[in-house]
1. Given the residues A:122, A:45, A:52, A:66, which is the only one that is on the phi > 0 side of the Ramachandran plot and in the same structural domain as residue A:13 (by TED's automatic domain parsing)?
2. Does residue B:331 fit the bill of being modelled with pLDDT of 95 or more, outside the structural domain of residue B:163 (by TED's automatic domain parsing) and under 22 Å from the mean Cα position of the chain (by Cα)?
3. Identify, from the list A:241, A:272, the residue that is at pLDDT below 95, more than 11 Å from residue B:386 (Cβ to Cβ), out of contact with any helix residue (DSSP H, G or I) (no Cβ under 8 Å at 6 or more places or on another chain) and not assigned by TED's automatic domain parsing to the domain that holds residue A:68.
4. Residue under question is residue B:368, and the condition is that it be at pLDDT 95 or above, within 14 Å of chain A (Cβ to nearest Cβ), under 27 Å from residue B:132 (Cβ atoms) and out of contact with any strand residue (DSSP E or B) (no Cβ under 6 Å at 6 or more places or on another chain); does it hold?
5. Scan segment A:27-42 and tell me whether some residue there is assigned to a loop (DSSP other than H, G, I, E, B), within 18 Å of residue A:107 (Cβ to Cβ) and away from chain B (no Cβ under 14 Å).
6. Answer yes or no: is there a residue in segment B:329-345 that is in contact (Cβ under 8 Å) with a residue 12 or more places away in the chain and over 19 Å from residue B:274 (Cα atoms).
7. If you go through segment B:346-365 one residue at a time, do you hit one that is free of Cβ contacts under 8 Å to residues at least 24 places away in the same chain, in a helix (DSSP H, G or I), at the interface with chain A (Cβ under 9 Å from one of its Cβ atoms) and at negative phi?
């Protein structure tokens, strides 16, 4: 998949892929991902019980989960664990061991402009956080907020008084959402404005790499179909009209992976660069995934339109990826702003 | 910060940049941004002198083995040289066909005698080469080559016509793919010959392109001669050698090319700001797309071209071409679109008096055709990288 990976990275990829193709998606997979393999804590320092790896390794795991579309709150929990570990605020030591063990599920609010952040004075927070991914599962919610006039990153326990959670029915059934209404909810500050920004960037990079993995699965599955399905007395894959479309999809898949892996590398290794590469990767990979998933349906013909075939699940995941996490227009405007380009909105 | 380079590499970068600043600040100052695709007619003699200066100071053959006169530098340092070269606006090369295509082919397939005879002239910038592959009847279908050559007692006799030959008017020699086995077809019976250009049997006629300029030429061989020993690889094995030439281009120059793209983008952006087009949300969106795609090109090149040789399917160059060529063409469209009506007015009354934006706009129509059209790239990617089966012939 990636010639720049070393042996350990390839082993990690194989281990996760084997697990996800062997196990039925469900609580057992979550237990094995967390408890047995310790992957929610893959980036967490050893002092907090983690594996001490970098965000590059986290990206490898996320790409595999995207590939399998495994409906577990891994992305959110692993991103939150990374944010807490890198922030090193006092709450980190408290919650990280539980996050690493899978006993606690955490996640970030879906990115939004500061005007939509919750506000508060002291520890009490008010506001609405909508479309929070994996919201129904979250025990701990991280969000940027404006507290006493200053932008900060805070953590809110979802079982605290003043927190009302509403589970939302979703088009993408592999990615549950909830709305959180906060009315004077108790919040703990875990970072400043810069930490809040970095946390959001890591979430965007993580979503990008998950999309890149999913897009590759869509192409692989489509190619397998075109090699075997025969019409007009020959495999569909022999038709040049279809070959050329697949070549364009391959370019999208390769370039999305390269862009996402760079963003995951930058998350730990080049924080200044990550401010651009993360939103850029999210915008590019979500768009690429949506294109490839749509072509997966078309190139499968009628079977691709059935509920039974997995194509629609990837198409819906691609849609939610593109529309959530701030959406396409917002994330592109962030790239333009940070790259010093003319404003697009 | 850049994941590709270490501190010693960055020191090398400063050395390269320092040399370029020094040389381009003096007698070669007129060459900044001169030449290159769409501008090959500019300052040709000065650019040939520039080649010799590059050679004198050891900047040609950076990646070639030291035993063959090169410097044996790492992939990273070669990339750095190309990046700094483009960043400095150093002129379009006239010796690159020898350095990047013929030289590596000789290193791979040449005899010790051929290497000793031809490599020094490439390394010191005195011998220029052109490539004789395409023909009127063999464009995308290169194996349809019909130029013929016959080995007689006094050497090779070559007859036929090549086309789209860059820099043929300046080149001292041409590497020619010719049919040497009468009656052979397709990939069999071809030989890779090294033919001197300055002889009565060779006639070069510039092709006037839709840009009004002539970077490409037709080359006619009418009983042209080449010494018997100037065949690379065995006679009849020329296809293998020619394909080897394409495969050795692992793309260190890609990063220099991207640096050049970044400079072009900055100019388009500056024009959009100066003329007010940047305030148009549709133009702003296209500028953003262009800039994002340029970063994506770079990340993709870092991933695929940085991989150890043999570790990838060998189709990275096809993916890269299918990405950059359409990107560059869209940038050309943007370059005139940001000017609006003013983009339709040329710099003067002659057909080749184009503005830089117009030149970019028009010349980039060639990008998606030469070096394997987009359509050929798609077929190669589908069949060799994705393993889709060939259709009925």
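The values are calculated or read from the model by the stated rules, or taken from the named source; none is laboratory data. Model, not experiment: these values are computed from the prediction. Note that each Cβ is placed from the backbone with ideal geometry, even for glycine, and that neighbours are counted across all protein chains shown.
1. Just one listed residue meets the conditions, A:52.
2. Judged against the criteria, residue B:331 is a match.
3. Selected residue: A:272, the only one of A:241, A:272 that is at pLDDT below 95, more than 11 Å from residue B:386 (Cβ to Cβ), out of contact with any helix residue (DSSP H, G or I) (no Cβ under 8 Å at 6 or more places or on another chain) and not assigned by TED's automatic domain parsing to the domain that holds residue A:68.
4. yes
5. Yes: one or more hits.
6. Taking every residue of segment B:329-345 in turn, at least one turns out to be in contact (Cβ under 8 Å) with a residue 12 or more places away in the chain and over 19 Å from residue B:274 (Cα atoms).
7. Taking every residue of segment B:346-365 in turn, none turns out to be free of Cβ contacts under 8 Å to residues at least 24 places away in the same chain, in a helix (DSSP H, G or I), at the interface with chain A (Cβ under 9 Å from one of its Cβ atoms) and at negative phi.
Conditions (1) under 30 Å from residue A:216 (Cα atoms); (2) surrounded by fewer than 20 Cβ atoms within 10 Å (Cβ to Cβ); (3) assigned by TED's automatic domain parsing to the domain that holds residue B:36, marked per residue:
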residue	(1), (2), (3)
B:335	no, no, no
B:342	no, yes, no
B:345	no, yes, no
B:351	no, yes, no
B:354	no, no, no
B:362	no, yes, no
B:376	yes, yes, no
B:391	yes, yes, no
